[in-house]
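Presented below is the structure to which this report refers.
The values are calculated or read from the model by the stated rules, or taken from the named source; none is laboratory data. Predicted model, so just to flag it, every value in this text is computed and none were measured. Cβ placement follows ideal geometry from the backbone for every residue including glycine, while neighbour counts extend to all protein chains displayed. The accessibility values were calculated without ligands, DNA or RNA, using every heavy atom of the protein model including side chains. Shrake-Rupley method; radii C 1.70, N 1.55, O 1.52, S 1.80 Å.
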Amino acid sequence: MRGTLSDRMGAALLMAPLLLFLVLAYAWPFLGVVKWSFTLPRPGLGQYGALVSDPLVQSVFVRTLRIAAIVTLVSVTAAYAITVVWVRGSPVQRVLAEFCILVPFWISVLTRAFGWVALLSNRGLINTWLQSIGFISEPLTLVRNEFGVVVGMTHFLIPFAVFPLASAMRSLDERVLLAARGLGSSRMRTFWTVFVPMTRSGIIGAAMIVFVFSLGFFVTPAILGGGRSVMIAELIYLRIFQSPDWGLGAAISVVLVVFVGALMALLFRSVKPKQLV
Amino acid sequence: MPTYRPGPVSLVLALLVALFLLLPLLAVVPVSLTPSRMLTMPSGELSLRHYRSLIEDPRWLDSILLSIRIGVVSSALSTVLALTFSLGVWMFQPRFTAALVGFVLLPMVVPPVVSAVTLYFLLTSVSGISTFFGYDTWLGVAMAHSVMTVPFATVLILVSLSQLDRRIDLAARGLGASVWERATRIIMPNIKFGIVTAALLSFVLSWEEIGVTLFITSVNAITLPRLMWMGLRDNIDPAIAALSVILIIVTVLVLAVRSVITRRQTAP
């Protein structure tokens, strides 16, 4: 290599602006948040102690983990069903599946949450329809509870689960499937014993992405939960803006980052990053 | 040649998922045509009054203009930063590249609510120094959006660089081109599609951004998603349905145009 010194200078000059920007606008303020968690309202470990002892905070943590687990299970399963058609269907089926995946993906989270409000609320489409055919007399409570939150989050996260699944299914050698069928294995058996095990890395990747996303989700639970099924992210918001308790909000944020970081580390130990994309 | 195609069970399940994905997008259409001031199904007559209120109510127009301004500024900032950084990575392959790229991607990986608290801390701290740039100002929002979009722009530009043939850069270098000439006359023309995509994606992400925006604005910098949020939380305004229908139609049109273009490119 020629001119190593000027090479190093050039690299430093080109990379510096973004690195500097992120250090000043992201890393430094994050350390400030960590500092809040140890100093507000009083210096010490009080906020972390409160996390362990406060029953409200605990119930929010448990609810968040429960909702994230349900959403992960449902959305990865649903994503799997539509990805099979998107990757292996006939040309027309592929175009239709792609449309159904990409259109919601590009539509803002607010519009999608609003669509669910329009469907599920007391005077929404589903209740109006069920009442008009006389199936029910009182509207069903479908939003402002955990059901609404799970539905909205699943809807939001299915496209995110599709992408790792699709790449796993695309890299799968079709001849193996044809061989299994040719040797007399039924459709179902080929699917469960050949197809699914061979897309394992995609399933793990999709589940991890959806689970991590659900843990820090804010907008959809806040709108469809209507303040009744608060998740971690909304709790942080409430602690910072409604009952000014910045220290506790900061401490919950720090715990969330550490937890997500640990999950990601686990993922990268079990699956090589290349298998995900 | 035989191919492995999904069977009837797969097709039925996929159809159910497809319906689930489209249902809430279709549901906003009838709501947007209701003549009532409340969020209800229209019974009998239809009305376009909520579409009219989008044009006549200055709040909607103001927030749309503000969102465009913030999107343009933050997209320009994050594209320029991502581009220079990626050029440095590609041209010089410095040591610790993996760690540096990992650092740049953090805002994409960290839960958005934590990034929101972080940027809230930043902007409230800066507010003491400058009223121009801090909490609840449009420049502050633009900068915060850049933090959130710059990892996506960097990924897109790095991906298009990875498809570039290194030998053309080596040839330019062998012929005596300076770093500046190599970057602007050899590399950038070859990745211009990636750069434009990065800028567009940054704009779209900023245009839709709500999670961080909620934490860093209160009364002055009301972006379009922030205004929608206020309408959704308090009493649900059917104007949001009208706006949603318009946004959905625009999205579908853009995707359709894009798929026609890519099909032409792949099948000449």
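Annotations
- Residues in segment B:119-150 that are within 9 Å of chain A (Cβ to nearest Cβ) and either of a type in the set (D, E) or out of contact with any Phe, Trp or Tyr (no Cβ under 6 Å at 6 or more places or on another chain) (or both): B:L119, B:F121, B:L122, B:S125, B:M143, B:A144, B:S146, B:V150.
- Positions within segment B:199-223 being open to solvent by less than 10 Å² (accessible area, probe 1.4 Å), more than 9 Å from chain A (Cβ to nearest Cβ) and assigned to a helix (DSSP H, G or I), in sequence order: B:S202, B:S206, B:T213, B:I216
- Which numbered condition B:I236 misses (of (1) aliphatic (A, V, I, L, M); (2) in a helix (DSSP H, G or I); (3) within 12 Å of chain A (Cβ to nearest Cβ)): (2)
- Long-range neighbours under 7 Å by Cβ, at least six apart or interchain, first residue away from chain A (no Cβ under 11 Å) and at pLDDT below 95 within segment B:65-82, second surrounded by fewer than 23 Cβ atoms within 10 Å (Cβ to Cβ) and assigned to a helix (DSSP H, G or I): none
- A:L178 falls short on exactly one of the conditions (1) open to solvent by 20 Å² or more (accessible area, probe 1.4 Å); (2) at pLDDT 90 or above; (3) of a type outside the set (S, T, N, Q), and that condition is (2).
- Only residues that are hydroxyl-bearing (S, T, Y) and within 7 Å of another protein chain (Cβ to nearest Cβ) were counted across segment B:104-118, and they come to 1.
- Some residue of segment A:199-211 being out of contact with any Ser or Thr (no Cβ under 8 Å at 6 or more places or on another chain), surrounded by fewer than 21 Cβ atoms within 10 Å (Cβ to Cβ) and within 11 Å of chain B (Cβ to nearest Cβ): yes
- Residue match in segment A:30-47 (condition: open to solvent by less than 20 Å² (accessible area, probe 1.4 Å), β-branched (V, I, T), within 8 Å of another protein chain (Cβ to nearest Cβ) and more than 30 Å from B:S10 (Cα to Cα)): yes
- Identity of the residue in segment B:33-64, polar (S, T, N, Q) and within 14 Å of another protein chain (Cβ to nearest Cβ), that ends up surrounded by the fewest Cβ atoms within 10 Å (Cβ to Cβ): B:S43
- A:G44 meets all of the listed conditions (1) in contact (Cβ under 8 Å) with a residue 12 or more places away in the chain; (2) over 27 Å from the mean Cα position of the chain (by Cα) but one, namely (1).
- Of the helices (runs of 4 or more DSSP H) lying entirely inside segment A:63-170, those carrying at least 3 residues that are open to solvent by less than 10 Å² (accessible area, probe 1.4 Å) and on the phi < 0 side of the Ramachandran plot are A:91-106, A:109-120, A:146-170.
- Number of positions in segment A:240-254 that are within 10 Å of chain B (Cβ to nearest Cβ) and either surrounded by 21 or more Cβ atoms within 10 Å (Cβ to Cβ) or in contact (Cβ under 8 Å) with a residue 60 or more places away in the chain (or both): 7
- Test set (1) part of a loop (DSSP other than H, G, I, E, B); (2) in contact with a helix residue (DSSP H, G or I) (Cβ under 9 Å, 6 or more places away or on another chain) - B:E45 fails condition number: (2)
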